[in-house]
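Undergrad: First the structure, which I've put down as structure tokens, then a few questions once you've had a look.
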Amino acid sequence: MRKRFIRMGLFVCAALPSCGATLAQNVVSGGAWLPMPLYQEAIASLPAPALQSYVATGSAAGLRAFLTNDASVFEHTGPVHWVGSDLPLTQRQIDDYLTAGPGRLGDPAGHGPLIQLPAAYAPVTVSYKGPIGPVTLTPGQLCGVFAGVIDRWSQLGVAVAPGLDAFKVVYRADGSGATQLLTRHLASACGAQAPAAFGGAAVFADEFKPGAPPPHFLAAQGEAGVALSMAGMVSAITYNGPDAAYATGMKAAWLVNAQDGVAYLPSAANVAAAMQSRGDAALPAGHAVQRGPAQAGWLSADNAGNPVNWVRIVANPGQGYPIVGSTNIVLSQCYADPAAVAAMRLFLKRHYDDSARIWSHQMAPLPAPVRARLLNTFATPAGDGRQLNVGNPAVCGDLAGRG
């Protein structure tokens, strides 16, 4: 009887426009700082009563909240319905979730598979205070600044007012997707010339272990903490998300792309050029879907059932602004509450259909064919035949779902 009730509830809710709004106020989300202004604005635009407002905690904390279904970091109780993250899920995180974690494939009490989708393309902006004129950094200079061996503007050939030559470096103390996008790029672009061996860490201080960052480096918590620290500086450099909300009083540096030798600002157009230089045809196109680590073909790059395959990494793009990636949405395929299914479908549709909102937050929308493909695969009631869509009754009807 329970199985039949769930399937019927999903069908009825999908057919009713108001169903998603009925309990949508109970849908909890949070995570990455970088897309917070975008998601808060998108949620506020949904039919009342709105989803709970998105709570920024950092990507690492957001993913941890989803993988353990612990909403306390967002100051809520109950389920974590979805999170935003600039850190892609690792294969180990996904495998653990599906075997020992809440997903527990084959367990009727489990939540079922998770879904990971690129939401938009975003830069990590290198921002500064002190110099009056523009600052352009080569890959070697960028590496030197964040390795700590360059600590004066004069070392970069940049003129500043007397007393402002020495600068501070403000970095994220928390587990951050923006940090990983930066350190992953440095690991690729700096290579053997790097004064420090960057390894793509999500916690910036981990790049200096067993020691610590240099004395002129200052830690800040989240994008808000970075903005607050920079506000109190007269000569400093940092890395931050592209939204204007995080960049008051700062200027963005031009960065020279190591591949084409051209200097770029972190405009949305330059970000789109960088991300599309790798080609979105790489997204999985296979029709046969393997759903868990125990299945042959699970690790195939063309397996659409493996969430790791829907987010591609571009550490050192061939053109465009060089520090880029996707900010991602992680959600469950199955929910105990049919209204949560309808709310998630509505949110995804509104998000991917509203390119103007994404541009307005200094990010680049995914190409139209990619957005259409994601919606058809994951957000429509019928799906595309591969049974990957949110609330699919063949997958979710025998599961308790997230809730």
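The values are calculated or read from the model by the stated rules, or taken from the named source; none is laboratory data. Only a predicted model underlies this, so the values are computations on that prediction, with no experimental measurement involved. For neighbour counting, all protein chains shown are included, and Cβ atoms are generated from backbone atoms with ideal geometry for every residue, glycine included.
Undergrad: When you scan region 353-368, do you find a residue that is among the charged types (D, E, K, R), under 14 Å from Trp82 (Cα atoms), modelled with pLDDT of 95 or more and assigned by TED's automatic domain parsing to the domain that holds Leu89, even just one?
TA: no
Undergrad: Among the residues of region 299-321, is there at least one that is over 25 Å from Gly177 (Cβ atoms), in contact with a strand residue (DSSP E or B) (Cβ under 6 Å, 6 or more places away or on another chain) and not hydroxyl-bearing (Ser, Thr, Tyr)?
TA: no
Undergrad: When you scan region 91-111, do you find a residue that is assigned to a loop (DSSP other than H, G, I, E, B), under 18 Å from the mean Cα position of the chain (by Cα) and modelled with pLDDT of 95 or more, even just one?
TA: no
Undergrad: Step by step: first the residues of region 77-89, then only those that are within 13 Å of the chain's Cα centre (by Cα) and in a loop (DSSP other than H, G, I, E, B), then the one that is farthest from Ala296 (Cα to Cα). Which residue is that?
TA: Ranking the candidates gives Asp86 first.
Undergrad: Still on this structure, I have one more. Kindly list the number of the only condition in (1) at pLDDT 95 or above; (2) surrounded by fewer than 24 Cβ atoms within 10 Å (Cβ to Cβ); (3) among the hydroxyl-bearing types (Ser, Thr, Tyr) that fails for Ser53.
TA: Only one criterion is unmet by Ser53, namely (1).
Undergrad: How about region 25-66: which of its residues are in a helix (DSSP H, G or I) and of a type in the set (Val, Ile, Thr)?
TA: Within region 25-66, Ile43 is the sole residue that qualifies.
Undergrad: Scan region 194-225 for residues that are assigned to a loop (DSSP other than H, G, I, E, B), under 21 Å from the mean Cα position of the chain (by Cα) and either surrounded by fewer than 21 Cβ atoms within 10 Å (Cβ to Cβ) or of a type outside the set (A, V, I, L, M) (or both) and jot them down.
TA: Phe198, Gly199, Gly200, Ala201, Val203, Gln221
Undergrad: Condition first: under 23 Å from Gly297 (Cβ atoms), part of a strand (DSSP E or B) and under 16 Å from the mean Cα position of the chain (by Cα). Can you find one or more residues in region 324-331 that meet it?
TA: Within region 324-331 (the criterion being under 23 Å from Gly297 (Cβ atoms), part of a strand (DSSP E or B) and under 16 Å from the mean Cα position of the chain (by Cα)), the answer is yes, since at least one residue qualifies.
Undergrad: Now a separate question. Residues in region 330-349: is at least one under 25 Å from Leu265 (Cα atoms) and crowded, with 20+ Cβ neighbours inside 10 Å?
TA: no
Undergrad: Can you tell me which residues in region 65-95 are surrounded by fewer than 19 Cβ atoms within 10 Å (Cβ to Cβ) and out of contact with any helix residue (DSSP H, G or I) (no Cβ under 7 Å at 6 or more places or on another chain)?
TA: Thr68, Asn69, Asp70, Ser72, Glu75, His76, Thr90, Arg92
Undergrad: Output the residue which, of all residues in region 144-165 that are under 24 Å from Ala197 (Cα atoms) and among the aliphatic types (A, V, I, L, M), is surrounded by the fewest Cβ atoms within 10 Å (Cβ to Cβ).
TA: Restricting to residues being under 24 Å from Ala197 (Cα atoms) and among the aliphatic types (A, V, I, L, M), the top hit is Val149.
Undergrad: Given the structure, is Ala253 among the small types (Gly, Ala, Ser), in contact with a helix residue (DSSP H, G or I) (Cβ under 8 Å, 6 or more places away or on another chain) and not assigned by TED's automatic domain parsing to the domain that holds Ala372?
TA: Against the criterion (among the small types (Gly, Ala, Ser), in contact with a helix residue (DSSP H, G or I) (Cβ under 8 Å, 6 or more places away or on another chain) and not assigned by TED's automatic domain parsing to the domain that holds Ala372), Ala253 does not qualify.
Undergrad: Tell me which of these Ala173 doesn't satisfy, since it passes every other one: (1) surrounded by fewer than 21 Cβ atoms within 10 Å (Cβ to Cβ); (2) of a type in the set (Gly, Ala, Ser); (3) over 17 Å from Gly241 (Cα atoms).
TA: (3)
Undergrad: Take region 138-157 and flag every residue that is under 26 Å from the mean Cα position of the chain (by Cα) and within 12 Å of Ile237 (Cα to Cα).
TA: Leu142, Val145, Phe146
Undergrad: Okay, next question. Can you name the residue in region 226-272 that is among the β-branched types (Val, Ile, Thr) and in a strand (DSSP E or B) and, of all such residues, is surrounded by the fewest Cβ atoms within 10 Å (Cβ to Cβ)?
TA: Per the criteria, the residue is Val256.
Undergrad: Can you name every residue in region 356-367 that is farther than 12 Å from Pro118 by Cα and either buried (at least 23 other Cβ atoms within 10 Å of the Cβ) or in contact with a helix residue (DSSP H, G or I) (Cβ under 8 Å, 6 or more places away or on another chain) (or both)?
TA: Within region 356-367, Arg357, Ile358, Trp359, His361, Gln362, Met363 qualify.
Undergrad: Is there any pair linking a residue in region 386-399 that is farther than 24 Å from Ala372 by Cβ to one that is at pLDDT below 95, with Cβ under 7 Å and at least six apart or on different chains, and which?
TA: Once the first residue is farther than 24 Å from Ala372 by Cβ and sits in region 386-399, its partners that are at pLDDT below 95 give Gly397/Lys3; Gly397/Ile6; Gly397/Arg7; Asp398/Lys3.
Undergrad: Right, another one. Residues in region 286-323 that are among the β-branched types (Val, Ile, Thr) and not in a loop (DSSP other than H, G, I, E, B): how many?
TA: Final tally of qualifying residues: 1.
Undergrad: Say whether the condition of being closer than 25 Å to Gly320 by Cβ, hydroxyl-bearing (Ser, Thr, Tyr), out of contact with any strand residue (DSSP E or B) (no Cβ under 7 Å at 6 or more places or on another chain) and at pLDDT 95 or above is met by at least one residue in region 260-271.
TA: Yes: one or more hits.
Undergrad: Of the numbered conditions (1) assigned by TED's automatic domain parsing to the domain that holds Thr327; (2) crowded, with 16+ Cβ neighbours inside 10 Å; (3) free of Cβ contacts under 8 Å to residues at least 40 places away in the same chain; (4) outside any loop (DSSP other than H, G, I, E, B), Gln141 satisfies every one except a single condition; which is it?
TA: (1) is the only condition that Gln141 fails.
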